[in-house]
Amino acid sequence: MPELGTTVTTEPRSFPPARNPWDPGHSTGGSSGGSAAAVASGLVAVAHANDGGGSIRIPASECGLVGLKPTRGRVSQGPVTGEAWAGSTIDGSVTRTVRDAAGVLDAISKPMPGDPYYAPPLPRPLVREVGADPGRLRIGVLDHPGTEGYLDDPQCRAAVAGAASLLESLGHHVDQSAPAAMFEPEIPRHFNAIIAADTNVTLQAFEMLLGRPIGDDEIEPRNAAYRRAGTELSAAAYLQTRAWLGMWARRMAAWWSDHDLLLTPTLGAPPPPLGWFTADGPDREGPGSPASSPGPRSST
């Protein structure tokens, strides 16, 4: 996994990258990229993964797997953790089949005393839902970015169009619709504030274990930047961010009063070559590596 799980590719500077079993020169995604590579290659049948901002869904998409981020509170983080990333991080798995994903989630969906919140109980085990008739569903479709600055590959649009056509042919109601709250411009600022605060606290815990400070040169630049931002974040600003995200979640959830599912591309483009996110390119892999050409550069 990437250092502290704070990015969407598994290319840590301290270790070799996780390689995509479909093409070893490409990213597995992240942060659960090692788990996805292990499952997609057949090394294991299922693997643990967790997701705060895509860390189950992104590797599943890039490695051709089933990846479900469970509802908040569905899987307890006890007894050691109350919540991580203000409740954004949820434990789950990556699998090769929907049946396996349902079985794993049935096994780990057990609340514990002291959990800060609970997900609504399921009417029956999820494995019994596999293959069951869901009735006529109301499905919204979103096949393009809602704002500028995001990748928008025609292959991803075509995949959504094909899935929408199939769902419509099965008798479901399909329309072009999505929550307007998905595209509110304040989202990145508040979400990054949560990550910054958590990164700062995590590194403080490591410093206590080590008995000494951790220098910026000992961690990746991304996490050094998060730590600085977390150090500068006041308690009042943090609570304001928590409050904003709580109301944003309500605005998001309101859309589902008229819909059952939202169909979107998981990612806006196919898996990038290794080095695309780190801007290092294949040279860091050494001569003769299977990494392909670096592709577009990114400052992400």
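Would you confirm, using the coordinates I've provided, whether Arg297 is touching a Phe, Trp or Tyr at 6+ places or on another chain (Cβ under 9 Å), among the charged types (D, E, K, R) and at pLDDT below 95? Yes: the conditions hold for Arg297.
Taken together, the residues in region 27-50 that are surrounded by fewer than 24 Cβ atoms within 10 Å (Cβ to Cβ) and either small (Gly, Ala, Ser) or in contact with a strand residue (DSSP E or B) (Cβ under 8 Å, 6 or more places away or on another chain) (or both) amount to 10.
Has region 231-243 got any residue that is crowded, with 16+ Cβ neighbours inside 10 Å, modelled with pLDDT of 95 or more and over 26 Å from Ala119 (Cα atoms)? Within region 231-243, one or more residues are crowded, with 16+ Cβ neighbours inside 10 Å, modelled with pLDDT of 95 or more and over 26 Å from Ala119 (Cα atoms).
Note on region 166-176: residues that are without any contact (Cβ under 8 Å) to a residue 24 or more places away in the chain and either under 18 Å from His259 (Cβ atoms) or in contact with a Ser or Thr (Cβ under 6 Å, 6 or more places away or on another chain) (or both) total 3.
Tell me, yes or no, whether region 141-159 has at least one residue that is surrounded by 12 or more Cβ atoms within 10 Å (Cβ to Cβ), over 21 Å from the mean Cα position of the chain (by Cα) and either under 30 Å from Leu239 (Cβ atoms) or without any contact (Cβ under 8 Å) to a residue 40 or more places away in the chain (or both). Yes - at least one qualifying residue is present in region 141-159. Return the total of residues in region 101-138 being of a type in the set (A, V, I, L, M, F, W, C) and closer than 26 Å to Glu168 by Cβ. Summing the residues that are of a type in the set (A, V, I, L, M, F, W, C) and closer than 26 Å to Glu168 by Cβ in region 101-138 gives 6. Scanning region 87-141 for residues that are over 25 Å from Ser165 (Cβ atoms), charged (D, E, K, R) and part of a helix (DSSP H, G or I) returns Asp100, Asp106, Arg128. The set of residues in region 177-194 being more than 22 Å from Trp256 (Cα to Cα) and touching a helix residue (DSSP H, G or I) at 6+ places or on another chain (Cβ under 6 Å) consists of His190, Ala193, Ile194.
Scoring Arg222 on the criteria (1) farther than 30 Å from Pro24 by Cβ; (2) among the charged types (D, E, K, R); (3) surrounded by 15 or more Cβ atoms within 10 Å (Cβ to Cβ) leaves a single failure, condition (1). Screening Ala197 against (1) over 19 Å from Pro2 (Cα atoms); (2) touching a helix residue (DSSP H, G or I) at 6+ places or on another chain (Cβ under 7 Å) leaves a single unmet condition, (1). Using the structure shown, decide if Thr266 is among the polar types (S, T, N, Q) and closer than 24 Å to Ala18 by Cβ. Yes; evaluated as a whole, the condition is true for this residue.
Any residue in region 194-205 that is over 30 Å from Asp217 (Cβ atoms) and among the hydroxyl-bearing types (Ser, Thr, Tyr)?
The answer is no; no qualifying residue exists.
Restricting region 51-79 to residues that are part of a loop (DSSP other than H, G, I, E, B) and in contact (Cβ under 8 Å) with a residue 60 or more places away in the chain leaves a set whose member that is surrounded by the fewest Cβ atoms within 10 Å (Cβ to Cβ) is Gly53.
All of (1) within 21 Å of Thr7 (Cβ to Cβ); (2) among the hydrophobic types (A, V, I, L, M, F, W, C); (3) surrounded by 12 or more Cβ atoms within 10 Å (Cβ to Cβ) hold for Ala181 with one exception: (1).
The values are calculated or read from the model by the stated rules, or taken from the named source; none is laboratory data. Just so you know, these numbers come straight off a predicted model, no measurement behind them. Cβ atoms come from the backbone with ideal geometry, glycine included; neighbour counts cover every protein chain shown.
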